[in-house]
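Heads up: the structure comes next, in structure tokens.
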Amino acid sequence: MSPFLQLAALGVAQGSFLLLASLGFALTRRVEGFLNIAHAQYLSVSAFVTFFLNNTLGLHFAGAALAGVLAAIGVGFLVGKVVFEPIRRLGPAVALITSVGVVYMLEGIIEIAVGTGSFLVTLPRLAPVRVGPVTITFYQVMVVIAALVVTLLTAWYLERTRMGTAIRITSLDRNLGASRGVDVRRASNAAWIVSSALAGIAGVALAVLGALTTTKGFEQILIILAVSLLAGVGSISALAISAFAIGIAREISLLWISAGFRDIIAFGIVILVLIFMPNGIAGRTE
Amino acid sequence: MSPILAALITVGILVGIYGVVAIALNFQYGQAGMINFGVVAYFAIGAYTFAILTAGPPSETALDAYRWGFDVNPLLAALIAGGVGVLFAALSGWPALRLRGEYLALTTFAFAEVLQSLLINVPAVTNGTSGFSNIVQPLRGSVGNYNVFLLLVSLGLLAVTLIIFERLKRSPYGRLLQAIKNDELGVTATGQVPERYRRQVFFLTAFFVALAGVIYVVWLTIARPTSFGAEITFFVWIAMILGGEGNNWRVLAGVLGLTVLDELIGQLPVRSVRGAQMLQAGQVFLTGLLFVLVLRWRQPKAGS
């Protein structure tokens, strides 16, 4: 029973990270109407800015993390405005293909800046947290808490504020919204900022949870895709269920299969969901 | 042989190999409107099928992890590799081709990642991360310069591929595919089944892509999982978009341009490991930038 609970706890931490990583991706998919696979590179941007400021310049981790999130916002917003907005009318397929180009550009920049290899953010050693038979690190607990807080804040922002309402209207029907007096440009800007900020926070989580490589951010893209496709469109709670389900399933599967096959499961989920449940567990269509 | 001539031959071989993949991809995307982000999978299937079929029995001393080597005649192995490519297209196409646009892109992408993961994780068949080395080079002793021979083979396959797909494009069949791309509902209304044609396109292109994969491993003489990542898919995609999808000659020009650029950057002198890293990273950045710029300014019509 003990290894099962232990893996389940690690799965919760993993699921929290996945939730953070896929929230912004799902928001862009909803508002801008395409799958932005460069979203995963925004995680890397934030993770490496955090790493650089924390390890090389010796800034306090909190400050470094904040700068990382701001960097992700800057990059995500700039790319959204300069690259994606002009090609909106060409449809989601062209936008998806373009985002591959963005992946390459950001990967090139990150590798020019830091080189290749493995990077570990130095953090103060804090005692792990023990609950009954389960032991997880302090930083994993922090990621879980951050995911809960950030998700609730995002839900509140989208459901309860004026700008959140504008974003939701923009995602439903841009033209109708504009004709009814919604400032869709501002709403779209706000959505880019929020989704990039979410990517930035996920990037900090990535940096905290383990060693970084320059490709680690992009390696998350398939599992982000798996989470958001399984969730379907338009519901944060479905996204949370799907993130935790995949996170926990991936860890618990270690009881029966070797770690190498874990990713195959995630990819298998992408394929199976697309084929048999194209609308995901939320069951709504775009 | 002078180094410049050797470099030219390398470019020629690669243009032949990537050209075949690009023409196949161009038939899928430019003609039939299918976005395949996993084209490297069919390439890898061809390469590995050839490597496994022609491999000798595993040796204890070399720490081989694979269990079966078949010592099959290379020509037969190449044909079987093409066939296995078609088989894999059937396997992946059956579920994937129900989807359109970006969802087809995702599924094919996921299939390619699954395949690469399997290449690493099923060492009994694929020899794991070390893969196969010393792959058979057929007729090695009996032709003069082997790279010139490979150049001819690769350009020969390119010529055959080009002729077949150019003819198909101009045939009623090609026009039907174009019609499916532009107005699927209209085609369905005439009593045709678009899905059947999409499957056929998948099968046919997979055969040629798998053969290109065979030439690739014969040239490299090694087959490793790392050689078959998404970079190959995106290299061909970028070359295709750079040249101009829909027109095979322009696509080939794109392949030539990108291959020459790659080789030129590879020839630049570097003094340190860090310098080499920077150069490679700069190349990645440049490729991405070109891609974004071309898509922005040429504004293809597909998908709209």
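Taken together, the values in this text are just the output of simple stated rules run on the coordinates, not laboratory data. Source: prediction; values computed, not measured. Reconstructed Cβ throughout: ideal geometry from the backbone, glycine too, with neighbour counts over all protein chains shown.
Just grab the label-to-label distance for A:Leu176 and B:Asp262, each label 7 Å out from Cα along the Cβ direction, in nm (one decimal).
So the two model labels end up 4.8 nm from each other.
Determine which residues of segment A:28-54 fall in the zone a paramagnetic label at A:Arg185 would reach in this model, i.e. backbone nitrogen under 19 Å from the point 7 Å along Cα→Cβ.
Those under the cut-off are A:32.
If you fit an axis through the alpha-carbon atoms of helix B:248-267 and take the longest principal axis of the Cα set of chain B, what angle between them do you get, 0 to 90°, nearest 10?
Roughly 30 degrees between the two axes.
Normalised by the number of residues in segment B:105-234, what is the relative contact order in percent for Cα pairs under 8 Å and 6+ residues apart?
This gives 45 percent for segment B:105-234.
Given the C-alpha centroids of segment A:7-55 and segment B:233-279, what is the distance between them in whole angstrom?
First find each Cα centre; the distance between them is then 30 Å.
Using only the Cα atoms of segment A:115-159, construct the convex hull and provide its projected area averaged over every direction, in square nanometres to one decimal.
5.9 nm²
Please average, across the residues of B:211-224, the number of beta carbons from any other chain that are within 10 Å of each residue's own beta carbon, and give a whole number.
0
Taking the Cα atoms only, what angle lies between the long axis of helix B:39-54 and the longest principal axis of chain B, rounded to 10 degrees?
40 degrees
Would you please give the residues with an amide H less than 5 Å from that of A:Leu212, counting only those at least 5 places away or on a separate chain, with H modeled from the backbone geometry?
Correct list: A:Phe119, A:Leu120, A:Val121.
For peptide B:107-116, compute the average count of partner chain beta-carbon atoms within 10 Å of each residue's beta-carbon.
Partner-chain Cβ atoms within 10 Å, mean over residues of B:107-116: 5.
Pairing the Cα long axis of helix A:61-79 with the longest principal axis of chain A, what angle in degrees results, from 0 to 90 and rounded to the nearest 10?
Long axis of A:61-79 versus the principal axis of chain A: about 30 degrees.
For segment A:239-253, just list the computed ³J(HN,Hα) in residue order, Karplus coefficients 6.51, -1.76 and 1.60, θ = phi - 60°, integers in Hz, with x standing in for Gly and Pro.
Those phi angles translate into 5, 5, 4, 5, 4, 5, 4, 5, x, 5, 4, 4, 6, 5, 4 Hz.
Using Cα pairs under 8 angstrom and six or more residues apart, how large is the relative contact order of chain A, in percent?
35 percent
Which ³J(HN,Hα) values, rounded to whole Hz and listed in residue order, are derived for segment B:79-95 from phi using the Karplus coefficients 6.51, -1.76 and 1.60 in 6.51 cos²θ - 1.76 cosθ + 1.60 with θ = phi - 60°, glycine and proline given as x?
5, 4, 4, x, x, 5, x, 5, 4, 5, 5, 5, 5, 7, x, 3, x
Considering all projection directions equally, how large on average is the shadow of the alpha-carbon convex hull of the protein assembly as shown, in square nanometres?
Projected area, direction-averaged: 29.5 nm².
To check my understanding: the extent here is largest minus smallest coordinate of the Cα atoms along each principal axis. What are those three numbers for chain A, in Å, largest first?
Here the spans come out as 58, 46, 34 Å, largest first.
Spelling out what I want: for every residue of segment B:178-190, take phi, set θ = phi - 60°, compute 6.51 cos²θ - 1.76 cosθ + 1.60 (Karplus), and round to whole Hz; glycine and proline get x.
Result, ordered by residue: 4, 5, 4, 4, 7, 8, 5, 5, x, 5, 4, 5, 7 Hz.
To the nearest whole number, what is the average tally of beta carbon atoms from other chains within 10 Å of the beta carbons of peptide A:25-35?
1
Could you state the number of Å between the C-alpha centres of segment B:123-200 and segment B:7-65?
After rounding, the separation between the Cα centres reads 10 Å.
If each DSSP helix of 4+ residues adds -39,500 (n - 2.57) and the sum is divided by the residues in the protein assembly as shown, what number results at 222 nm, nearest 500 deg cm²/dmol?
Helix contribution divided over all residues of the protein assembly as shown: -23500 deg cm²/dmol.
Show the residues, 5+ positions off or on another chain, whose built amide H is closer than 5 Å to the amide H of A:Thr135.
Residues meeting the criterion, in which the H sits 1.01 Å from N, do not exist here.
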